[in-house]
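The values are calculated or read from the model by the stated rules, or taken from the named source; none is laboratory data. Predicted model only: the values in this text are computed from it and were never measured. Every residue, glycine as well, gets a Cβ built from its backbone with ideal geometry; the counts of neighbours run over all protein chains shown. Surface areas here come from the heavy atoms of the whole protein model, side chains and all, with no ligands, DNA or RNA. Shrake-Rupley method; radii C 1.70, N 1.55, O 1.52, S 1.80 Å.
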Amino acid sequence: MKFAVKAWSSGKARAGVLQLGSCPGPIETPSLLLSTRKGLPHFIPPDLLYSLPSPDSHLFHVSSLHFLEGLSPQTISKIGGLHQLLGLPEHGFVCVPRDSIQCLPECNSSNKFGASFETPCGRRLIKPVEYVELISSLRPNIWTTLADEVPTWVSEKRNKTSVDRTIRWLDECIALNPAGGPVFGSIVGGCSVKERERCAQEAARRNLSGYWIGGFGLGESMDERPALLNVVTDILQEEKPRLITGLGLPEEILQGVAAGIDVFDSTYLCHLTLGGFALTFPLDGVEMNTSDNIGSDQTKINLRATVYRKDISPIVENCNCYTCKNHTKAYINHLLNVHEMLAQTLLEIHNTHHYIGFFRSVREAIKSGNFEQFRQKFVEGRCYHVAAEAAAACM
């Protein structure tokens, strides 16, 4: 793995290049980490992965906990790891324990021996040695160390304990790493600036390839987040990549980019797709759609709404994704209403394509030195619509 920062804008916002041996080309950052279930996107079959923009769509987020059931670690290792198991030799896999959909941290059951998670096969306590054994069999391009993530409402004592455990497990995972491959150190600390700073300082002292900033999306507010992010990124080495999970909304992505984050997970897209929503916001974030379509909040549309039953237009005009070039809102509305899984497949293709385009616009704004203006216009456009909706509801 190689990483280099190529451009800066508005302080910490940065654009870079991440090179992984298995990917067909360098992946530009800030970039999207595609959410998967056992290594494959939730609804997109392997034969349609080619329809997504390359190489931006070649970085997959894998939770190693998904492989606690099914094939044994020994069998996966004999097959050749994730790349051979899934038949995707030209994709990059990033293993993070938490996936924000099915494998959520359960802080009340974690203890000094390991971290507890709610998984598809029940609540499981994962010890560092078990975790590294899974990683060794999967052979991902990048993996993060085990962490004790806690929500914002835990006590100060419990939060401090989570940082102590995460630092201890960081050292254990590094010592157990047999291949010596790229390891991202975990950084937690809940809503405490002091504890996040302490955890970041400890991680920065270790010989790591990058950093995973965990514990977000667990109850902190948008107003609290900048201070928690900035205190961490101020400490970390600039030449190493930073990955974060738990941020999904476009406004949250922009908040993370402003703090100097490079890679973001995409569970937001999975939640949208499951709900029957399609992203429609302008990729430049300047001119928000002013139509009064039912089921629309000017960021996304609900294709279950009856207003789309006879709408023969694509989800987004001039969109080059497979869905928009071949299908209409009316067809997807029909698929959703008859509970055909093809609806989720087409929606995930569009939403992934659209969000990758959003990240491309963010990178262009950074390279041109206009990131803060881009962010301000995007957020203002969204806030204006929310305020207009609230005013209309009061009339």
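Just so you know, in the range 121-130 the residues that are in contact (Cβ under 8 Å) with a residue 40 or more places away in the chain and over 29 Å from LEU272 (Cα atoms) include one that is surrounded by the fewest Cβ atoms within 10 Å (Cβ to Cβ), and it is VAL129. When GLU118 is tested against (1) within 21 Å of the chain's Cα centre (by Cα); (2) in contact (Cβ under 8 Å) with a residue 60 or more places away in the chain, just one condition goes unmet, and that condition is (2). If I filter the range 209-217 for residues that are part of a helix (DSSP H, G or I), modelled with pLDDT of 95 or more and touching a strand residue (DSSP E or B) at 6+ places or on another chain (Cβ under 6 Å), do I get at least one hit? Among the residues of the range 209-217, not one is part of a helix (DSSP H, G or I), modelled with pLDDT of 95 or more and touching a strand residue (DSSP E or B) at 6+ places or on another chain (Cβ under 6 Å), which makes the answer no. Just to be sure before I move on: is THR166 crowded, with 24+ Cβ neighbours inside 10 Å, within 30 Å of LEU85 (Cβ to Cβ) and touching a Leu at 6+ places or on another chain (Cβ under 6 Å) in the structure I sent? In short, no.
How about the range 10-25: which of its residues are farther than 21 Å from VAL183 by Cβ and surrounded by fewer than 21 Cβ atoms within 10 Å (Cβ to Cβ)? Scanning the range 10-25 gives SER10, GLY11, LYS12, PRO24, GLY25. All told, HIS327 meets the bar of being open to solvent by 30 Å² or more (accessible area, probe 1.4 Å) and either at pLDDT 95 or above or under 22 Å from LEU52 (Cβ atoms) (or both). Of everything listed in (1) in a loop (DSSP other than H, G, I, E, B); (2) more than 21 Å from the chain's Cα centre (by Cα), the single unmet condition for THR75 is (1). Here ASP297 meets the list (1) charged (D, E, K, R); (2) at pLDDT 95 or above; (3) touching a helix residue (DSSP H, G or I) at 6+ places or on another chain (Cβ under 8 Å) almost entirely, failing just condition (2). The residue that is least open to solvent (accessible area, probe 1.4 Å), counting only those in the range 57-98 that are farther than 19 Å from ILE244 by Cβ and among the charged types (D, E, K, R), is GLU69. Within the range 26-51, being touching a residue at least 60 places away in the same chain (Cβ under 8 Å), outside any strand (DSSP E or B) and open to solvent by 40 Å² or more (accessible area, probe 1.4 Å) holds for HIS42, PRO45.
So that you can scan it fast, the table gives a plain yes or no per residue for (1) under 20 Å from GLU106 (Cβ atoms); (2) open to solvent by less than 20 Å² (accessible area, probe 1.4 Å); (3) within 23 Å of the chain's Cα centre (by Cα):
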| residue | (1), (2), (3) |
| --- | --- |
| VAL132 | no, yes, yes |
| ASP148 | yes, yes, yes |
| VAL154 | yes, no, no |
| ASN159 | yes, yes, no |
| ALA175 | no, no, no |
| GLY190 | yes, yes, yes |
| GLU197 | no, no, yes |
| TRP212 | yes, yes, yes |
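For GLN344, the stated conditions do not hold, so it cannot be described as without any contact (Cβ under 8 Å) to a residue 12 or more places away in the chain and either under 22 Å from ASP265 (Cα atoms) or under 23 Å from the mean Cα position of the chain (by Cα) (or both). Of all residues in the range 60-78, those that are touching a residue at least 40 places away in the same chain (Cβ under 8 Å) have Cβ atoms under 8 Å from Cβ atoms of residues that are among the basic types (Lys, Arg), 6 or more apart or on another chain, in VAL62/LYS38; SER63/ARG98; LEU65/ARG124; HIS66/ARG37; HIS66/LYS38; PHE67/LYS38; LEU68/ARG124; SER77/ARG139.
All conditions but one from (1) at pLDDT 95 or above; (2) surrounded by 19 or more Cβ atoms within 10 Å (Cβ to Cβ); (3) out of contact with any Pro (no Cβ under 7 Å at 6 or more places or on another chain) apply to ARG382; the one that does not is (1). What's the number of the only condition in (1) in a helix (DSSP H, G or I); (2) among the polar types (S, T, N, Q); (3) without any contact (Cβ under 8 Å) to a residue 40 or more places away in the chain that ASN230 fails to meet? Going through (1) in a helix (DSSP H, G or I); (2) among the polar types (S, T, N, Q); (3) without any contact (Cβ under 8 Å) to a residue 40 or more places away in the chain one by one, ASN230 breaks only (3). When the residues of the range 264-286 are filtered to those that are open to solvent by 10 Å² or more (accessible area, probe 1.4 Å) and closer than 27 Å to VAL231 by Cβ, the one that is modelled with the lowest pLDDT is THR267. Would you say LEU104 is under 22 Å from THR245 (Cα atoms), open to solvent by 40 Å² or more (accessible area, probe 1.4 Å), over 20 Å from the mean Cα position of the chain (by Cα) and of a type outside the set (S, T, N, Q)? Judged against the criteria, LEU104 is not a match.
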